[in-house]
1. Restricting attention to region 85-134, which residues are farther than 28 Å from Glu530 by Cβ and in contact with a strand residue (DSSP E or B) (Cβ under 6 Å, 6 or more places away or on another chain)?
2. Going by what's in this entry, would Pro428 be described as of a type outside the set (Asp, Glu), closer than 19 Å to Leu483 by Cα, in contact with a Pro (Cβ under 6 Å, 6 or more places away or on another chain) and crowded, with 16+ Cβ neighbours inside 10 Å?
3. Looking at region 322-352, which of its residues are within 28 Å of Tyr44 (Cα to Cα), polar (S, T, N, Q) and part of a helix (DSSP H, G or I)?
4. Just checking, how many residues over region 255-274 are charged (D, E, K, R) and part of a helix (DSSP H, G or I)?
5. Taking into account only those residues within region 290-310 that are outside any helix (DSSP H, G or I) and in contact (Cβ under 8 Å) with a residue 60 or more places away in the chain, which is nearest to Gln329 (Cα to Cα)?
6. Please name all residue pairs, on different chains or six or more residues apart, with Cβ atoms under 7 Å, provided the first residue is in region 664-691 and is outside the structural domain of Tyr633 (by TED's automatic domain parsing) and over 20 Å from Thr522 (Cβ atoms) and the second residue is assigned to a loop (DSSP other than H, G, I, E, B) and among the charged types (D, E, K, R).
7. So is Tyr453 part of a strand (DSSP E or B) and either at positive phi or at pLDDT 95 or above (or both) or not?
8. For region 419-431, give me each residue that is modelled with pLDDT of 95 or more and closer than 29 Å to Thr531 by Cα.
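The values are calculated or read from the model by the stated rules, or taken from the named source; none is laboratory data. Quantities reported herein were computed from a predicted structural model and do not represent experimental measurements. Backbone-built Cβ (ideal geometry, glycine too); neighbour counts: all protein chains shown.
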Amino acid sequence: MPADYDVRVYAGWLGKCIGVRFGAPLESWTYEEIRNNLGELEWYAYGEQGKVFKPDDDTATPMVYIRALEDYGLHPTAEQLGDTLLNYLGDQHGTFWWGGYGVSTEHTAYVNLASGIPAPRSGSIDLNGIIVAEQIGGQIFSDIWGLITPNNPALAADMAERASSVTHDGNGIYGGRFIASLVSAAFSERDPLKLIETGLEQIPSDSEYARVVRAMIDFHRSCPDDWRAAYGYLKENFGYDRYPGVVHIIPNAGVVALGLLYGAGDFSRAIRITNMCGWDTDCNVGNVGAIMGVAVGVEGIDTRWREPINDLLIAASVIGTRNILTIPQCVDLFCRLGRQLAGESEIEARPRYHFRYPGSVNNFHVEGERAIPTHRHQTEIAGEPALQVSIRKLNKKGEARIYTRTYYRPSELSGNSYAAMFTPLVAPGQTLRARVYLPEDAPDSARAALYVYDDNAGEYHQAEGQPLTPGQWHELTYQIPPLTDAILSQAGILLRVLDPLWQAGSIGLAWLDWDGQPNYRTTFAKDRPETTAISGWTRLRGYWRLENGAYHGSGNGDCETYSGDIRWGDYRLSAELIPILGDHHRVNVRVQGALRSYAFGLAPDGKVALYRKDRVYAEVASAPFAWRHGVTYRLTVEARGDELAATVEGAGERAELRWRDAGSPYLTGQIGLSTGHGGHTRYLNVEVSPA
């Protein structure tokens, strides 16, 4: 394992995110359109106009695939990687481009998987035909396999092949192998030609993919100083007109090779040339950015590329708390899995937000009232990596806020074609923790308090201010009180002084984290429609909407909606509901995605039942209960360890069920609501409390 492994992974994933953002506004533009309308690209072509950069499949999908290693072990099969898609993707919405069966490669494969056709048949040429199977997706999601297998291009290629085969085949798989092996090799090699030769060793030499890459090598050798001539050669001999389908992999493979070769080892030059070539720009520039990021390291990436990103990554799965990520959080996950693959001992678990990576800011923001935040940057303070925030003219009646975002409204995004849905990262009842440092030259009247902001109510909730001693580290804690109808969208530190004016100074933040059981109530009174569900909830399937002051779900198949954090362990879920139509009206606990959860609800034949869902709902316990449509019932489930205790009350009746999962219990997960095929359920309120 390289000595600088973590930092190089950070540089690689940062490079990927920079490349995707740089290329996204120009996706499907040609070189001529870019040249004629924008001239020479030097910088992001289009700002987000104060918005947050939208989710993109190039980064959202890898963050789904990587979870297979947590769920199935370090060497998941193609079939298990296919199940990972089924578990974490909405049913034909979010994460992918859903362009139609037989048109979009990923859409086609997903429908195959959902219909019971396992991977790799789901993505095979034999099933889907060569046109669908050889589109670009096989390579655009494959950088992660190189990031977790440093200096092992063969293993990176093999892992990429299994993932690519879920949706692609032929050259679509070779592209995955090629990209993953280049990322892996870049940990010890910076020369673009040598990297490309390493990648060619991992694919068939007689493949069309190898042919286009070698053609670009040969052209570069004969004309090393004119990338535009190289693009002209590529367009004439391997252009879109020669390969059918929406976005074929071969022309874009040529662009990746061209960008690397003519970039000559310079990160900025490589991604600029790649973007200028047009075609599938976010994909190509993302791949080149990942390879070059690993190769040159953080110091080789101009800070101008980093600043607008602010270490934030928006994703688009059905797990809402995994749709607001920071680049360091992604890197922590990659490095943990990479060490496990290498057989190395794991490092100590890190807080959600820390500042160990050079230049990382972890999506932190600074604002002030009667205070002027002037600068924030990653540094080392008193021997610890930290975020240093500089502040001027903090008035005794003012305050400075140093915070990260824990929820976004879809309207805050620059676009939402990949249908991102969010769940607040932190909940009422949980305990915030942070470590802060006050410099020796600061006033001894400084006080700090942890806080959260409720976006629904427009209210701050904070701990009592704690005195800070100059020249010392301090650990702050705050248990968020139980709240009703809250959406917590910020978590951070409030800083005040009692002196008339703190003219200039700074404060350091080493980390921020939270834990504990949630404790809150939702009546849906302050919720609003967002994406295809409502605020604070994601949707697997069905028509979920606000109607007459309640949350309604209906549709075909098992219609499910989720909220909360997949890390939650023991808790109690209670919901008041009215069955409108159909035989199944449930609440879900320990939801680990679309395939795995427990549920309790009104069931056919006048009973209530507990279920364990492992792809399909299996009844594990039941009791007689003569429920009726149109009547209000309260369902409560307590999950504690491997035991479930459930009660139902309504119309003067009550029933209880208990069950222990003695096999392989689900020990953590979100909450959920679900109604059966052809059903309609009205949910009046939801309460989550400690078990």
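1. Thr105
2. Numbers: of a type outside the set (Asp, Glu): yes; closer than 19 Å to Leu483 by Cα: yes; in contact with a Pro (Cβ under 6 Å, 6 or more places away or on another chain): yes; crowded, with 16+ Cβ neighbours inside 10 Å: yes.
Yes; evaluated as a whole, the condition is true for this residue.
3. Listed by number, the list holds a single entry, Gln329.
4. Looking only at region 255-274, we keep the residues that are charged (D, E, K, R), and these are 266, 269, 272.
Subsequent filtering for residues that are part of a helix (DSSP H, G or I) retains 269, 272.
Count: 2.
5. Ile309
6. The qualifying pairs do not exist here.
7. Considered against the rule, which asks whether it is part of a strand (DSSP E or B) and either at positive phi or at pLDDT 95 or above (or both), Tyr453 comes out as yes.
8. So in region 419-431, the residues modelled with pLDDT of 95 or more come out as 420-431.
Once the filter is applied, which keeps residues that are modelled with pLDDT of 95 or more and closer than 29 Å to Thr531 by Cα, region 419-431 yields Ala420, Met421, Phe422, Thr423, Pro424, Leu425, Val426, Ala427, Pro428, Gly429, Gln430.
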